[in-house]
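Everything below concerns the one structure shown next.
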Amino acid sequence: MPASGSAEDDPDATVVRPRAGSTITRTQALPPRAHLGPDPSLDPDATVVKPRTAPVDPDATVILRPGAAPAVRLPEPRQLPLALALAPGFRLHEYRIERVLGQGGFGITYLATDVHLNSQVAIKEYLPEEIAFRTGDRSISPNATQHRDRYREGLESFLVEARTLATFRHPAIVRVARFFEAHRTAYMVLEYEQGQPFKTWWPENRHLGEAGLIELLLPLLDGLAAVHEAGFLHRDIKPDNIQVRAADGRLVLLDFGSAGQTVAVAGQGAVVVTPGYAPLEQYGFGRQGAWTDLYALGATLYWAVTGRKPPDAELRMANPRSHTPALEAGAAAAGGVVYGQAFLQAIDWALTVEVAERPQSVAALRRALCTDHVASLDLQEALRDGDTQPDEAHRPLRERLRTRLRRFFDTLLHPPSWPLALKMTLAMVATALLPMGVTAVYNLRAAQDALTAGELRFVEQIALSSAGRISQFITDHRHLARVLASEGELLQAVASAPAASASAPAAPAVDEKFGRFVRANPDLERVWLADARGLVRASSDAALLGADVAQAAWFREAVQGRAHTGDLALGRDETLPGMVLAQPVAAADGTVAGVLALRVRGSSLVTIVDEVRNDASLTPFLLDRDGVVLHHLQEDLVYRSLVPLPPERQAALAAEQRFRRERIESLDETALAAAVLGAQRTGHVAYRSAVHGREEIAGYAPVAAHDWVVGVAKSRTDFEAPLQPLNTQLLWSVLLVGLLFTGLALRFARSIVRPVRALTQAAAALKEGQYEAAGVEVKRRDELGQLGRTFNVMIDVLRQRDRERRREGG
């Protein structure tokens with residue numbers, strides 16, 4: 001903290017002190033953020049990092065405030081680098097960063113938007129600026145190897161703090177919605193409490209006085225008590241960390257300081273304190289506990305009463321006269337507001353330097369503060385028990401209505417407050433119907449599971465059958481190509497091709513043979529023969545004679561001596577899809593003299609796939625190795641991929657023009673693709689279809705003779721339809737039985753409640769001295785009847801005694 005009181009000096013900013021020796025011979029006063037440079041917007045109540053000190057020497061020089069005697073000054077402060085903060089628009093999971101709300105030595109708090117819920121939240125990021133920095137990929141890293149353990153300990157403390165706060169559900173404690181780790185640090189997502197810091201709100205509302213301050217304070221004390229009961233401490237209570245909620249004017253406790261405490265303790269014995277609000281034990285003198293937070297709360301109340309905070313605890317210990325007690329300072333309170341003696345004494349009690357002489361619990365401090373406000377204290381405790389209603393006259397009408405509605409639902413959700421007849425009726429109905437309902441639901445679920453398993457096996461077998469037939473189809477045509485390629489006529493045709501005329505037919509007889517072959521086989525579209533140079537020498541289609549096919553993929557593979565099985569594709573000049581099978585024609589010496597090619601009609605393959613359509617609920621489809629749909633009943637799905645294709649594959653398909661598409665669009669069927677792509681064996685999958693927007697099942701099987709996969713899909717609704725009548729019957733059965741049992745249970749419950757109500761009414765009449773109306777009509781012989789008769793005897797005895805008393809008095 002600075003040694004002089006200039007306007008830019010901040011007596012409570014974050015500073016780092018060197019470790020002191022065995023005794024303090026001189027205390028160093030540091031300017032705010034002395035290690036960083038000037039900052040004209042510093043906060044006088046910022047958290048401070050100091051070294052742990054040894055026991056204070058009574059004669060030592062103490063920490064000096066602005067305006068006191070000069071002390072050692074360090075370099076001028078500078079502002080925290082804005083580069084450490086995440087940029088607006090940056091995404092953290094479902095949260096979009098909007099702007100920085102605040103930043104300190106141990107983290108940055110952002111205003112963010114939950115893009116799913118379209119609501120604002122506050123996100124606190126763990127970033128101890130002294131030991132860490134943000135890297136180029138926006139992750140956080142310790143700035144030195146020796147700081148790694150210190151950074152990790154602080155991160156773990158931050159997560160413990162978040163996990164603990166997440167368990168709190170108190171209106172006076174800021175609610176943690178979630179927390180997560182990312183970018184090698186951690187983030188805490190808190191509800192964005194719109195309002196004003198108590199530090200700026202209270203000076204404008206001092207006229208509320210002691211009573212108003214007590215009314216604001218009591219809910220905050222309850223929240224702090226809940227924190228302490230959970231074994232947690234705040235460690236940094238001050239006016240800046242108390243928010244006045246805009247919605248209802250209540251106080252909310254913000255910014256727990258345990259993570260910063262851990263970072264400081266791990267680093268060369270330093271501790272985290274806010275001068276004036278931190279008790280002596282936070283400087284390393286003694287054990288911390290609930291009394292630590294109570295000191296800080298007392299300092300906050302001292303500031304609210306006097307308009308200034310107490311001196312630093314170290315200074316008070318060294319020089320007790322440096323502090324003016326609240327009982328004395330409150331006599332001249334800011335704004336001319338008068339505070340009661342008991343209230344001011346309670347503040348002084350909380351500000352006791354010695355831990356043992358300080359209040360040890362929130363309850364003790366609450367009783368002391370409310371000595372002159374017993375009604376408020378009783379009312380507050382009654383509110384916690386739910387027995388009375390608070391005075392909400394100071395709150396807005398809308399908020400009062402909302403509170404009453406919430407209280408109604410709280411009562412509704414609190415079974416002990418329900419009428420006795422209702423509780424008994426529900427208990428009996430639940431006892432009777434619950435086992436029956438559970439059994440029925442269990443049996444229904446078992447039936448559904450069994451049906452689903454059967455359907456999955458069914459579609460899997462259908463897919464396996466179709467895949468087997470397609471594989472056999474391809475195998476047969478491969479065999480056909482091999483037989484044709486082995487005939488001597490073909491070798492002679494390519495061997496006798498005239499070199500001078502590339503377009504001249506090599507063997508008209510072969511052309512005629514190919515033509516007859518195609519006419520006899522409806523699955524074939526055409527057959528042709530090319531020589532080793534790629535020139536077509538014979539064909540069932542005269543238009544192909546003399547064509548150069550040397551660049552075709554099937555020719556390039558077959559001329560190398562390998563049989564080729566093509567994909568089902570349109571090609572550049574085809575109007576209908578087909579598949580090319582190519583077989584090398586070998587010469588006597590084993591060299592490849594030519595290539596025989598067969599184009600199989602795609603419609604023949606599609607017919608095999610579609611034969612399952614005798615069951616209208618089944619939807620067959622055929623996929624290639626890339627997950628591109630080669631066939632589907634919905635034509636708009638054909639030549640689209642299940643999932644997006646890699647850019648390089650997109651480029652290759654565009655160059656091949658296999659499907660005559662410049663780009664293969666995706667169906668985004670991720671779940672289905674995960675099961676079927678690259679499948680080596682049959683299987684089944686249950687998934688939600690992105691295309692149809694419904695739950696479906698599918699069986700699939702690979703085609704052994706190719707790299708295709710055959711699939712058969714079915715809507716879950718189709719095969720579960722027979723169970724719907726069973727569901728309806730079950731529902732009506734439970735409903736009718738429930739009504740019957742409810743009627744019987746209600747009748748039985750009322751038979752118990754009516755005598756109890758009669759006894760209650762009789763007791764009320766007895767309070768008024770109306771003995772004639774206090775009698776109970778008894779017709780029962782059970783325990784309630786015996787109670788009623790006993791009550792009537794008591795009434796008679798009381799009536800007789802009252803008559804005797806009157807007679808003696810008369």
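The values are calculated or read from the model by the stated rules, or taken from the named source; none is laboratory data. Computed from a predicted model, the values in this text were never measured in an experiment. Please note: Cβ atoms are built from the backbone with ideal geometry, for glycine as well, and neighbour counts cover all protein chains shown.
Of all residues in the stretch 676-702, how many are part of a loop (DSSP other than H, G, I, E, B), touching a Leu at 6+ places or on another chain (Cβ under 9 Å) and among the hydrophobic types (A, V, I, L, M, F, W, C)?
Residues flagged as part of a loop (DSSP other than H, G, I, E, B), touching a Leu at 6+ places or on another chain (Cβ under 9 Å) and among the hydrophobic types (A, V, I, L, M, F, W, C) within the stretch 676-702 amount to 3.
Looking at the structure I just gave you, is residue 159 touching an Asp or Glu at 6+ places or on another chain (Cβ under 9 Å), part of a helix (DSSP H, G or I) and under 25 Å from residue 91 (Cα atoms)? So residue 159 fits the description; yes. Between 263, 252, 272, the distinction of being in the same structural domain as residue 228 (by TED's automatic domain parsing), surrounded by fewer than 24 Cβ atoms within 10 Å (Cβ to Cβ) and either modelled with pLDDT under 90 or not in a helix (DSSP H, G or I) (or both) belongs to 252 only.
Can residue 612 be described as of a type in the set (Val, Ile, Thr), over 35 Å from the mean Cα position of the chain (by Cα), surrounded by 14 or more Cβ atoms within 10 Å (Cβ to Cβ) and at pLDDT below 90? Spelling it out, residue 612 is indeed of a type in the set (Val, Ile, Thr), over 35 Å from the mean Cα position of the chain (by Cα), surrounded by 14 or more Cβ atoms within 10 Å (Cβ to Cβ) and at pLDDT below 90.
The set of residues in the stretch 96-117 that are crowded, with 16+ Cβ neighbours inside 10 Å and assigned to a loop (DSSP other than H, G, I, E, B) comprises 105, 106. Taken together, the residues in the stretch 703-741 that are under 23 Å from residue 454 (Cβ atoms) and either polar (S, T, N, Q) or outside any helix (DSSP H, G or I) (or both) amount to 14. Criterion first (at pLDDT below 95 and more than 37 Å from the chain's Cα centre (by Cα)) does residue 637 satisfy it? The answer is no for residue 637.
Does residue 474 qualify as being closer than 22 Å to residue 595 by Cα and at pLDDT 90 or above?
When the stated conditions are applied, residue 474 passes them.
Every condition in (1) among the small types (Gly, Ala, Ser); (2) at pLDDT below 90; (3) not in a loop (DSSP other than H, G, I, E, B) holds for residue 286 except the one numbered (3). Residues in the stretch 625-639 that are surrounded by 20 or more Cβ atoms within 10 Å (Cβ to Cβ) and outside any strand (DSSP E or B): 627, 639. Tell me yes or no: at least one residue of the stretch 696-718 is surrounded by 13 or more Cβ atoms within 10 Å (Cβ to Cβ), modelled with pLDDT under 90 and among the charged types (D, E, K, R). Yes, that holds for at least one residue.
Look at (1) outside the structural domain of residue 115 (by TED's automatic domain parsing); (2) buried (at least 20 other Cβ atoms within 10 Å of the Cβ); (3) closer than 30 Å to residue 94 by Cα and you find that residue 187 fails only one, number (1). Please tell me if residue 160 is in contact (Cβ under 8 Å) with a residue 12 or more places away in the chain, aliphatic (A, V, I, L, M) and in contact with a Leu (Cβ under 7 Å, 6 or more places away or on another chain). So residue 160 does not fit the description; no. Would you confirm whether any residue within the stretch 619-641 is in contact with a Gly (Cβ under 6 Å, 6 or more places away or on another chain) and over 20 Å from residue 458 (Cα atoms)? The answer is yes, given that some residue of the stretch 619-641 is in contact with a Gly (Cβ under 6 Å, 6 or more places away or on another chain) and over 20 Å from residue 458 (Cα atoms). I need the full set of residues from the stretch 444-475 which are more than 34 Å from the chain's Cα centre (by Cα) and under 30 Å from residue 739 (Cα atoms), in order please. Of everything in the stretch 444-475, just one residue is more than 34 Å from the chain's Cα centre (by Cα) and under 30 Å from residue 739 (Cα atoms), namely 447. Within the stretch 349-370, restricting attention to residues that are assigned to a helix (DSSP H, G or I), without any contact (Cβ under 8 Å) to a residue 60 or more places away in the chain and of a type outside the set (A, V, I, L, M, F, W, C), the residue that is surrounded by the most Cβ atoms within 10 Å (Cβ to Cβ) is 367. Looking only at the stretch 118-138, residues that are at pLDDT 90 or above and loosely packed, with under 12 Cβ neighbours inside 10 Å come to 1 in all.
Scanning the stretch 732-747 turns up at least one residue that is without any contact (Cβ under 8 Å) to a residue 40 or more places away in the chain and aromatic (Phe, Trp, Tyr). Residues in the stretch 170-196 that are in a loop (DSSP other than H, G, I, E, B) and modelled with pLDDT of 85 or more: 9 in all. Cβ-Cβ distances below 6 Å connect the following pairs, each with a first residue in the stretch 456-478 that is closer than 21 Å to residue 601 by Cβ, a second residue that is part of a helix (DSSP H, G or I), and a separation of six or more residues or different chains: 466/609; 469/608; 470/608.
If the requirement is being loosely packed, with under 14 Cβ neighbours inside 10 Å, in a helix (DSSP H, G or I) and at pLDDT below 95, which of these qualifies: 655, 673? Residue meeting the stated conditions: 655.
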